[in-house]
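Written below as structure tokens is the structure these notes are about.
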Amino acid sequence: MKKKVDEDADYRRVVAGLQNCEERYNGLLNSIDGGADSRLTAALATLKTEVRHRRSLEAELLTAVEAERQRIGQDLHDACT
């Protein structure tokens, strides 16, 4: 039986991680005080970490989508033979 991509647990986990990353990013931007150099430096370091984390999650998402695409293609191939 075929499973929709958006019902896949790995896909949902990656999407939830991306949403969490986006919320933390927005919270970080809202917390920056223009007069505090040390806070700005810390915020930028945190932001760089968040960007790396988000890129990792995006790569996982693309991998999960590609695996699902291949699985569906194999299912279609098997059904036609």
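The values are calculated or read from the model by the stated rules, or taken from the named source; none is laboratory data. Keep in mind that what you see is a predicted model, and the values were worked out from it rather than measured. Cβ sites come from the backbone with ideal geometry, for glycine too, and all protein chains shown count toward neighbours. Just the protein is used for accessible areas: all its heavy atoms, side chains included, with ligands, DNA and RNA removed. Shrake-Rupley method; radii C 1.70, N 1.55, O 1.52, S 1.80 Å.
Which of the residues belonging to region 43-58 are free of Cβ contacts under 8 Å to residues at least 24 places away in the same chain and open to solvent by 50 Å² or more (accessible area, probe 1.4 Å)? Give the derivation first.
Taking region 43-58 first, the residues free of Cβ contacts under 8 Å to residues at least 24 places away in the same chain are 43-49, 51-52, 55-56.
Those that are free of Cβ contacts under 8 Å to residues at least 24 places away in the same chain and open to solvent by 50 Å² or more (accessible area, probe 1.4 Å): Leu44, Ala45, Thr46, Lys48, Thr49, Val51, Arg52, Arg55, Ser56.
If I ask for residues that are open to solvent by 70 Å² or more (accessible area, probe 1.4 Å) and more than 15 Å from the chain's Cα centre (by Cα), which ones from region 59-70 would you list?
Within region 59-70, Arg69, Gln70 qualify.
Among the residues of region 24-38, is any within 30 Å of Leu76 (Cβ to Cβ) and either at pLDDT below 75 or open to solvent by 80 Å² or more (accessible area, probe 1.4 Å) (or both)?
Residues of region 24-38 that are within 30 Å of Leu76 (Cβ to Cβ), as a first pass: none.
No - not one qualifying residue is present in region 24-38.
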